[in-house]
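Student: I'd like to ask some things about the structure below.
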Amino acid sequence: MAESLARIASSYRRFADHEARGRSALYEELAREVAGDQSTLSFLSELPHPKQQPNLLFGAVRYAYGTPSCWGDFHDLLVAHRDKIREVMLQRRTQTNEPARCATLLPLLAHLPQPLALLEIGASAGLCLIPDRYAYFYNNSVHIPPASEVGVAPPTFSCETNFETPIPKKNVDVIWRAGLDLEPIGVNDNDDVAWLEALVWPGEQDRLSLLRQALNVARQAPPPVTQGDLRVDLTALAAQAPANATLVIFHSGVLAYISSIDDRVALANAIADLHAVWISNEDPAVSPCDNEKLGAKRPEGRFLLAKDKRPIACTDPHGRFIRWFGDEDEEDPSRADWIQ
């Protein structure tokens, strides 16, 4: 038990230091207090390991009871509504659908032979399946509009790049798209949308505004997301893609929730059998890239973007920047500037 409590406390301190700091003062405070509060740690230890994460706990409280003002308010809510919060955490999953990640995927997607057939694993509401319907603003100077009219005002995702990043000249051409998720989020389901909004951190009003704009775009023509298990349903779904398009299987911030090494290996084997382009945008600790190519430095709070298990760039988990490694560094990202 002591080892379990220590592990959970460490994960919350890490969340405070490397994820919430500078982005959500409230979540940084809550995470630090949870790490030092035995009653909350005990509550979390009674949950399955995938249900112990900060985003799920904080999102469940906000979803059920609104945003707490401080640690004392949060703790009071948890003590008074322990069973209800546990119920929400067991029923829901962390399905943060961050459409701004499309800004960090676009340079790589645009680099592929067009048109594209996109298949997203862990698609949630499918908001990352429609990069061609959004607008982008790179380095406060390069504007890329949607590939076609979307019927409503699209969100514009701002993203900073380094010199090596190949900023596309136009949006991508997507002729087929599909998502796979254990529990798809419906863009027209008010309860599901409330859960998505509860997963946006306090203090990041811009993220919430962009999420709502992306949802409005998605509602015009909801991207198809199939309920299914990647271990058994991926191949059949991929078979529906048109032969005249580049099939791209991608996922972003998903592998951390696939705890089984066997399942990750099975996923890699399934994608290899499909002869598709595999794009992963994941925490370096769970990236499918070969470990020896990751280098000694693995900065916290950044994702590693890879194509077919080859490191391409480091990215902000919320789509705010991309740092391309460049031709020289593609095979050795340890020489890339991960820190700045």
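The values are calculated or read from the model by the stated rules, or taken from the named source; none is laboratory data. Owing to the predicted nature of the structure, the values given are computational and were not obtained by experimental measurement. Methodologically, a virtual Cβ is constructed for each residue, glycine included, from the backbone with ideal geometry; neighbour enumeration extends over all protein chains shown.
Student: Do we find that R62 is closer than 29 Å to V217 by Cβ and of a type in the set (D, E, K, R) in this structure?
Tutor: Answer is yes for this residue.
Student: Filter the helices (runs of 4 or more DSSP H) completely within region 17-132 down to those with at least 1 residues that are basic (K, R).
Tutor: 25-35, 54-65, 82-91
Student: While we're on this one: Free of Cβ contacts under 8 Å to residues at least 40 places away in the same chain and more than 18 Å from S280 (Cβ to Cβ): does that describe A236?
Tutor: Answer is yes for this residue.
Student: Hey, does region 250-260 have a residue that's among the aliphatic types (A, V, I, L, M), out of contact with any Gly (no Cβ under 8 Å at 6 or more places or on another chain) and either in the same structural domain as F15 (by TED's automatic domain parsing) or surrounded by 14 or more Cβ atoms within 10 Å (Cβ to Cβ) (or both)?
Tutor: Yes, region 250-260 contains a residue that is among the aliphatic types (A, V, I, L, M), out of contact with any Gly (no Cβ under 8 Å at 6 or more places or on another chain) and either in the same structural domain as F15 (by TED's automatic domain parsing) or surrounded by 14 or more Cβ atoms within 10 Å (Cβ to Cβ) (or both).
Rundown of residues vs (1) aliphatic (A, V, I, L, M); (2) surrounded by 23 or more Cβ atoms within 10 Å (Cβ to Cβ); (3) over 27 Å from L234 (Cβ atoms), yes/no style:
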{"residue": "R92", "(1), (2), (3)": "no, no, no"}
{"residue": "T96", "(1), (2), (3)": "no, no, no"}
{"residue": "Q114", "(1), (2), (3)": "no, no, no"}
{"residue": "A125", "(1), (2), (3)": "yes, yes, no"}
{"residue": "R133", "(1), (2), (3)": "no, yes, no"}
{"residue": "S141", "(1), (2), (3)": "no, no, yes"}
{"residue": "G151", "(1), (2), (3)": "no, no, yes"}
{"residue": "V174", "(1), (2), (3)": "yes, no, no"}
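Student: Let me ask something additional. Looking at D327, D308, D273, can you tell me which residue is outside the structural domain of R23 (by TED's automatic domain parsing), farther than 27 Å from W201 by Cα, surrounded by fewer than 16 Cβ atoms within 10 Å (Cβ to Cβ) and modelled with pLDDT of 90 or more?
Tutor: Just a single option satisfies the conditions, and that option is D308.
This table checks each residue for (1) within 12 Å of W201 (Cβ to Cβ); (2) in contact (Cβ under 8 Å) with a residue 40 or more places away in the chain; (3) surrounded by fewer than 16 Cβ atoms within 10 Å (Cβ to Cβ); (4) among the acidic types (D, E).
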{"position": "A9", "(1), (2), (3), (4)": "no, no, no, no"}
{"position": "E19", "(1), (2), (3), (4)": "yes, yes, no, yes"}
{"position": "L26", "(1), (2), (3), (4)": "yes, yes, no, no"}
{"position": "G36", "(1), (2), (3), (4)": "no, no, yes, no"}
{"position": "L44", "(1), (2), (3), (4)": "no, no, no, no"}
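Student: Where in region 177-254 are there helices (runs of 4 or more DSSP H), lying fully within it, with 3 or more residues that are of a type in the set (D, E, K, R) and under 20 Å from L57 (Cβ atoms)?
Tutor: Output list reads 190-198.
Student: Out of the residues in region 225-245 that are surrounded by fewer than 18 Cβ atoms within 10 Å (Cβ to Cβ) and β-branched (V, I, T), state the one that is modelled with the lowest pLDDT.
Tutor: In this case the residue turns out to be V232.
Student: Continuing with this model, one more query. From the set of residues in region 73-87 that are of a type in the set (A, V, I, L, M, F, W, C) and touching a helix residue (DSSP H, G or I) at 6+ places or on another chain (Cβ under 8 Å), which is surrounded by the most Cβ atoms within 10 Å (Cβ to Cβ)?
Tutor: Here the answer is F74.
Student: Can you name the number of the only condition in (1) assigned to a helix (DSSP H, G or I); (2) under 19 Å from the mean Cα position of the chain (by Cα) that A9 fails?
Tutor: Checking A9 against (1) assigned to a helix (DSSP H, G or I); (2) under 19 Å from the mean Cα position of the chain (by Cα), the one that fails is (2).
Student: Looking at region 153-162 only, could you name the residues that are in a loop (DSSP other than H, G, I, E, B) and surrounded by fewer than 16 Cβ atoms within 10 Å (Cβ to Cβ)?
Tutor: Listed by number, the list holds a single entry, A153.
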